[in-house]
Amino acid sequence: MRDGRVATSSFRVRLQSEQTMTTASLESRIEESFAAGADTVSDVDALSAFLELRYALEAGKLRAAEPDAAAPTGWRVNAWVKRGILLGFRIGALTEMSGGALSFIDKSTYPARIFTTEDGVRIVPGGSSVRSGAYVARGVVMMPPAYINVGAYVDEGTMVDSHALVGSCAQVGRRVHLSAGAQIGGVLEPVNASPVIIEDDVLVGGNTGVYEGTIVRRGAVLAAGTILTRGTPVYDLVNAATLKATPETPLIIPERAVVVPGSRTVPAGYGRQMNLSVYTPVIVKYRDEKTDLSTTLEELLR
Ligand SMILES: CC(C)(COP(=O)(O)OP(=O)(O)OC[C@H]1O[C@@H](n2cnc3c(N)ncnc32)[C@H](O)[C@@H]1OP(=O)(O)O)[C@@H](O)C(=O)NCCC(=O)NCCS
């Protein structure tokens, strides 16, 4: 035990006997510990509440954000869960987490998850890591190197290809393909900020970047190289519309939209004088049979 912080291992037995604890009471314990600030650093109750949250996240029983038909975007952010994740960083001490010839140092509260064949997840050797507090469903395949951060939720049958990142609290649906180099941004703070959400059956092409709470609705296709942020307008050529985030709503890519990287001319001033263009994503079509053919992926790899 270093710098006064508490060790995590002795609490497992106690935690198992507390599994009947309701979500509501866990929420209030997390909120209480979070509000206590630096006093929680060596507080056993704070650690106990955090570990319960972490196990619930890993089991997919609690999520940083979840579908909610009553919410304007269809997704509700659980800010208290994110506060609990931040609490884990506060109370964790730097610890050696070495394996084989490699050495790692990280917060004691967030060791790499240990998987067994029972979990039904295939992790090809070579530098991939899933942080504690991330949920990874059965049937997920991770190609090395890939990283899934705390609070992320990756659902059944999804492929996380080489050099792909699933950032903290990002929510990734079923049968999603995160192609090589795809970066799904994470967001822990501000705690009420919606994380990036990739719904079921989305293809996220190679070297794409989806950041700042963007929601990609089910079945959409992001062509290789597409970058989406809160400040990126998306031009829908099919419906002659421009999609933008608002102060209340993130950028939302509609169901089955096919988005490709494009450019648009700078309309005025020095940019126009110099004939410059800026990058802009464009919806060229909505998914059709040809798209399905283009996105048929190597099922044999599964
Ligand atoms: C988007 C994608 C799936 C093609 O979908 P599709 O439905 O077959 O698209 P189409 O070929 O019908 O093209 C539709 C239009 O978009 C354009 N387009 C298609 N892909 C494009 C791309 N990547 N960039 C820019 N424009 C593109 C086409 O030129 C066409 O325009 P046009 O109608 O003016 O000729 C494919 O381009 C893609 O990016 N696949 C992902 C590849 C990848 O990342 N693999 C990862 C392996 S790890």
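For the reader, a short list of remarks on this structure follows.
- Which numbered condition VAL260 fails, given (1) more than 13 Å from TYR235 (Cβ to Cβ); (2) modelled with pLDDT of 95 or more; (3) aliphatic (A, V, I, L, M): (1)
- Scanning region 276-299 turns up no residue that is within 24 Å of ASN192 (Cβ to Cβ) and either within 14 Å of the ligand (Cβ to nearest atom) or hydrophobic (A, V, I, L, M, F, W, C) (or both).
- With respect to the conditions (1) more than 16 Å from the ligand (Cβ to nearest atom); (2) more than 21 Å from LYS285 (Cβ to Cβ); (3) surrounded by 22 or more Cβ atoms within 10 Å (Cβ to Cβ), ASP155 falls short on a single one, namely (3).
- Residue that is farthest from LEU243 (Cα to Cα), among those in region 185-200 that are surrounded by fewer than 20 Cβ atoms within 10 Å (Cβ to Cβ) and of a type in the set (D, E, K, R): GLU189
- Taking region 173-184 as the range and being within 16 Å of the ligand (Cβ to nearest atom) and either among the hydroxyl-bearing types (Ser, Thr, Tyr) or crowded, with 19+ Cβ neighbours inside 10 Å (or both) as the test, the residues that pass are VAL176, HIS177, LEU178, SER179, ALA182, GLN183, ILE184.
- Test for LEU47: is it assigned to a helix (DSSP H, G or I), modelled with pLDDT of 95 or more and over 18 Å from GLY167 (Cα atoms): yes
Okay, residues lined up against (1) more than 28 Å from LYS82 (Cβ to Cβ); (2) without any contact (Cβ under 8 Å) to a residue 40 or more places away in the chain; (3) within 16 Å of the ligand (Cβ to nearest atom); (4) in contact with a strand residue (DSSP E or B) (Cβ under 6 Å, 6 or more places away or on another chain):
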| residue | (1), (2), (3), (4) |
| --- | --- |
| GLY186 | no, yes, no, no |
| GLU189 | no, no, no, no |
| ALA193 | no, no, no, no |
| VAL196 | no, yes, no, yes |
| ILE227 | no, no, yes, yes |
| GLY231 | no, yes, no, no |
| PRO254 | no, yes, yes, no |
| ALA268 | yes, yes, no, no |
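- Among the candidates GLY88, GLY100, GLY60, GLY92, the residue that is more than 15 Å from ALA134 (Cβ to Cβ) and either touching a residue at least 24 places away in the same chain (Cβ under 8 Å) or in contact with a helix residue (DSSP H, G or I) (Cβ under 6 Å, 6 or more places away or on another chain) (or both) is uniquely GLY92.
- Only one of the numbered conditions (1) closer than 28 Å to ARG122 by Cβ; (2) open to solvent by 60 Å² or more (accessible area, probe 1.4 Å) is violated by LYS290, and that is (1).
- Only a single criterion out of (1) acidic (Asp, Glu); (2) in a strand (DSSP E or B); (3) modelled with pLDDT of 95 or more is not satisfied by ASP106, namely (3).
- Scanning region 44-62 for residues that are open to solvent by 40 Å² or more (accessible area, probe 1.4 Å) and within 20 Å of the chain's Cα centre (by Cα) gives TYR55, ALA59, LYS61.
- Residue count for region 74-103, restricted to those that are outside any loop (DSSP other than H, G, I, E, B), among the small types (Gly, Ala, Ser) and at pLDDT below 90: 1
The values are calculated or read from the model by the stated rules, or taken from the named source; none is laboratory data. Computed from a predicted model, the values in this text were never measured in an experiment. Here the Cβ is made from the backbone with ideal geometry for all residues, glycine too, and neighbour counts use every protein chain on show. The area values use the complete protein model at the heavy-atom level, side chains included, leaving out ligands, DNA and RNA. Shrake-Rupley method; radii C 1.70, N 1.55, O 1.52, S 1.80 Å.
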